[in-house]
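What follows is a short report on a single structure.
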Amino acid sequence: MRKAKNLGEFEILVLAALVRLGADAYGVSIRQEIEERTGRSVSVGALYSTLSRLEEKGYVASRIGEATAERGGRAKRHYVIKAEGQAQLEKSIFALGAMLKGLKTWPETLKIGIRTAIARTLARR
Amino acid sequence: MAADPVDRSALMGDLAEEFARLWRRSPDNARAWYWRQAAKSAPHLFLKRLRAPETQKLLIGIGAAVVAFFLLRYWDLWVARNAAREFAAATNAQNYFLPRMVYLIAQMAGFVLAGAMIAAVTFARETSFLANAAIRLAPIGAVLLAPTLFAMVSGADNYDLSFRLIWITLAIPSLISGAGAYWMLSNRSH
């Protein structure tokens, strides 16, 4: 089955976390990295579901790591971004940047809210 | 429980590790965090399992079997029985032998169509012809035979035993047609 190659918002966050964490990337560290940097709450289920999807797309690889007593004797699963993932991440970020470039009204839109901005734009016409 | 067996160990380990860290600060918060995580994670993990190719194949197979069952009921009530009734009226048949034969032949055509339809829907390109046939034709046969077997066990007395036995053999052409469909699809895809 052909998998969709485009990245969703959360997939971008996960791939960016993998780039930042390098060899230390595993479930707990990825979750904490995203929560600390974005302020959004991330469930382990959503994270593993996304990592598995990225692995199916060929953007990340995983390996089973060491088990510790603190983890109840269960092994860590380490993730690393592959070259294809890196390329797709850059493509997605450039696409986002291209869409935002020269968009003078968007900071104002964020400040006053999308509905008000649309109403003002329509009123100006 | 909703987690994929491949992910389960690492996921449970992550939960245990974070739970232990939070427990040292506040046991109450750690407990609340754990149950929040479990509640928020379950839908994602469940959906992931639903999206797995094996689950999708199973669901498609079940769906196809259910559709085939209702199509056969329609076929039985509105096509095969009508054909037999009209044949009986047209030929002014004195006994039930010929109308029954017409009914069985019409029913057989329905079974052949159902077998081929389920085979076409559940065909898996990546597995061989033999694997396709062995894995999927058994449920097809079971779906087609189940209503008759149930009727026989429950003592329904609409038809005599010989008629029921003939009816059961109608599943055989459906299995042959299913095997034929797999064979054609296998040859086309390789």
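Laboratory data are not the source of any read-out in this text; all were calculated from the coordinates shown. Here the structure is a predicted model, which means the values were calculated and not measured. Cβ: placed from backbone, ideal geometry, glycine included. Neighbour counts: every protein chain shown.
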(message) Among B:22-29, A:87-94, B:109-116, how do they line up by average Cβ neighbours within 10 Å per residue, starting with the highest?
(response) B:109-116, A:87-94, B:22-29
(message) Cross-link candidates for A:LYS101: which aspartates and glutamates have Cα within less than 19 Å, leaving aside residues fewer than 8 places away along the same chain?
(response) A:GLU9, A:GLU90
(message) Can you sort B:PHE46, B:PHE19 from fewest to most other Cβ atoms within 10 Å of each residue's own Cβ?
(response) B:PHE46, B:PHE19
(message) Through the Karplus equation 6.51 cos²θ - 1.76 cosθ + 1.60, θ set to phi - 60°, convert the phi angles of region A:55-72 into ³J(HN,Hα) values in whole Hz; use x for Gly and Pro.
(response) 5, 5, 6, x, 9, 10, 10, 10, 9, 7, x, 8, 9, 10, 5, 4, 9, x
